[in-house]
Every structure is written in C-alpha cells, then in structure tokens.
Amino acid sequence: MNSIDPIALVAEAALAPSVHNVQPARWRFGGSTVDLWEDLARRLPAGDPERRDAELSLGAAVEGMALALSARDLALEETGEVLAERMGDLIARRRFRIVPGARDPLQPHVRARQSHRGGFEPVTGRDREAALTLAGEDCTVVVDPQRIGSIAQQVDRSGHRFFRDPAFRAELRSWMRLRRDDPRWSRDGLNAEAMAMTRVEALGAGLVLGPLFRPLDAVGLAAPLTAEAAVIRGSAGILLFHRAADEPRFDSGRAFYRAWLRLEAAGLRGAVMAALADDREGAARVAELVPAGRTLVSALRIGRAPAGSGYRRARIKPRELLV
C-alpha cells in the first residue's frame, strides 16, 4: 500500500458512470484493504425508489477502482466482510483486499469514456458493423433502422410517464446544472455542456421541466418538447444490456461499466436511455429481444461521435471522496 496513491486511485475510479452523475461512492484505505462507502444524500428517492440505479452506480465505481488498480498491476478481491459503520450520511458497504494482479485490457479506455448526448455522425455500414461486434452474452445490439425507430418511440412514451411526476421533475432539475456560473457546474450532476444544450436550450429545459410543464402538457406540447426519438433514430444501433434476472444490481453495475468500455474500444460512443429499463412497459416492449432468464438492466443509443464533441466531465474533488 505504501507504493500507491489513494488520491490518484479515487480520481480514476470516479470516472465511472453513475445515475445523474451523482457519484455516490466514497473510499477508505487501510493497510492492504479498501472499503466502499455510500453517500446516502446522493440517493434519488423519486427517480430510483428501489435503489436499482444506486446499486448499479456503486458497482460501476468498484469496477472503476479495480481498473485503476490494474494500471498498477494490482487487483480487488472481495473479502465478504459485512460493514455497518455509519458517519452522518455516509455508510460503509463492502470491504475489498488489494492483491497482485494484471493489466486490464479495457483500462486504457477509461479516460476517453463519456456519455454523448448530442447527435451522432451520419450512420455508415462500418458503424453498424462496429456496433454488432458488441453483441454478446449480456448485450443485444439492434441495428435495423425500423426497429430502432420503434424503440425510440417507446423511450419517449416511457420518459413522458416519468416527466409527468412532479417529484421526479423536481429531483431531476436539482441535479441539472443549466448555467455555467452554477458553483456545481464542474462538480457533479448534469451540466448543459454534458447534455449538449446551448444556452437557449438550457434555459428552455429549466422552464419546460419546471413551471411550464403542466400547462404545456395540458395542450399536448410537453411530450414533443422532451422527446428524444429524433436523435435516437440517428444512432448506428441500440445496445440492450441484460443480466441474469436474479443477479444483484451491484454486480450488474460492474459488468455494465465494462460493456461501456468495450463500446469505447470499438470506436463508438453511447448515451444511456434510462427510461427504457426503468419503466416496466418500456422494458416489456423490448423483452422479446432479451434472452430468457435475463432482465434488461440498461440501454444505450450508440454511434460515432463528431470530432471535437467531447467535454470536461464534472467530478467531485478526489480528496472529498476519501472517508
């Protein structure tokens, strides 16, 4: 342990994806162990009442730590110890042992991975071929334009059901950073740059998801203003990530991060379509594409991002992630 830098490790682990970019994972290093803690203040009671997305996020964070350690020829080994310590909003969850390991082939793609919420480059046959290489035991890839269009419509229907819940909208807005002068812009949540919004679009989003939603919804305008179908139809494919129905979401989160890194390795970018998996009707509509005994965990629209479309990710300072 004397040869590793905890600050550098948590900074790399924090590059993992998390729901709404809430970054719930905290860490405590001791001897040859590292403990995963959770910041309970970063749970989403309206959008994630059953804590499925929270568990996915924590699992992805642990995989992020494993990837960071692999760059130092180390690995994580779960000890099975039950942790119950609590300090305010922080609660200890799992203990891992740091052991010798090997370099993970996906580790070089960690820094490049980020969600791409803008439009993709015009789809080519090469893009569809690259998308299909991602199909595997836990990934179904849809490249047929007609079926992509059908899924896009379902994403909008599912999303609109969530938007109609005032508590969901309020919670989502609390994690949106729509002005660059917001002190949380570079810290956490979803800032306008990451959401590929112009200043005018960001202003409009705050109004549409805020005071104007109910009157707009009453005249049938809220749904088209929050729709994503057009940008989804421009995807090279849709990746349906599924795992064994009885698998803990924490373990699914570790596997999900690796699936996203394989996407990066294929030269593609992705954006999570959370409503599809979180909405029962949405998940049921694509159930025929998911193998028996598996459950839809997440879905991403995937494609080739335009050159220069990246952005600086908002992340909590590494020192604040140490317990």
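The values are calculated or read from the model by the stated rules, or taken from the named source; none is laboratory data. All of these numbers come straight from a predicted model, not from anything done at the bench. Methodologically, a virtual Cβ is constructed for each residue, glycine included, from the backbone with ideal geometry; neighbour enumeration extends over all protein chains shown.
Screening SER3, SER70, SER18, SER32 for residues that are under 20 Å from the mean Cα position of the chain (by Cα) and hydroxyl-bearing (Ser, Thr, Tyr) leaves exactly one candidate, SER18. Filtered by the rule that a residue be outside any loop (DSSP other than H, G, I, E, B) and touching a strand residue (DSSP E or B) at 6+ places or on another chain (Cβ under 6 Å), region 128-142 gives ALA131, LEU132, CYS139, THR140, VAL141, VAL142.
Of the residues that make up region 7-30, is at least one modelled with pLDDT under 95, within 25 Å of LEU69 (Cα to Cα) and not β-branched (Val, Ile, Thr)? There is at least one residue in region 7-30 that is modelled with pLDDT under 95, within 25 Å of LEU69 (Cα to Cα) and not β-branched (Val, Ile, Thr). Filter region 49-80 down to residues that are touching a Phe, Trp or Tyr at 6+ places or on another chain (Cβ under 9 Å) and of a type in the set (D, E, K, R) and give me whichever is surrounded by the fewest Cβ atoms within 10 Å (Cβ to Cβ). In this case the residue turns out to be GLU78.
Of all residues in region 204-234, those satisfying the criterion of being of a type outside the set (Gly, Ala, Ser) and within 25 Å of ALA305 (Cβ to Cβ) are LEU225, THR226, GLU228, VAL231, ILE232, ARG233. For ASP165, the conditions (1) surrounded by 18 or more Cβ atoms within 10 Å (Cβ to Cβ); (2) within 17 Å of ASP278 (Cβ to Cβ) are fulfilled apart from (1).
Taking each residue of region 173-186 that is within 18 Å of LEU209 (Cα to Cα) and looking for partners that are aliphatic (A, V, I, L, M) and part of a strand (DSSP E or B) with beta-carbon atoms closer than 8 Å, six or more apart or interchain, yields TRP175/LEU190; MET176/LEU190; ARG177/LEU190.
If I filter region 153-161 for residues that are surrounded by 12 or more Cβ atoms within 10 Å (Cβ to Cβ), farther than 26 Å from VAL22 by Cβ and at pLDDT 95 or above, do I get at least one hit? Within region 153-161, one or more residues are surrounded by 12 or more Cβ atoms within 10 Å (Cβ to Cβ), farther than 26 Å from VAL22 by Cβ and at pLDDT 95 or above. Residues in region 143-155 include none that are in contact (Cβ under 8 Å) with a residue 12 or more places away in the chain, farther than 28 Å from GLY237 by Cβ, out of contact with any Phe, Trp or Tyr (no Cβ under 8 Å at 6 or more places or on another chain) and not in a helix (DSSP H, G or I). Of the residues making up region 200-226, those that are among the small types (Gly, Ala, Ser) and either closer than 20 Å to ARG177 by Cβ or in contact with a Gly (Cβ under 8 Å, 6 or more places away or on another chain) (or both) number 5.
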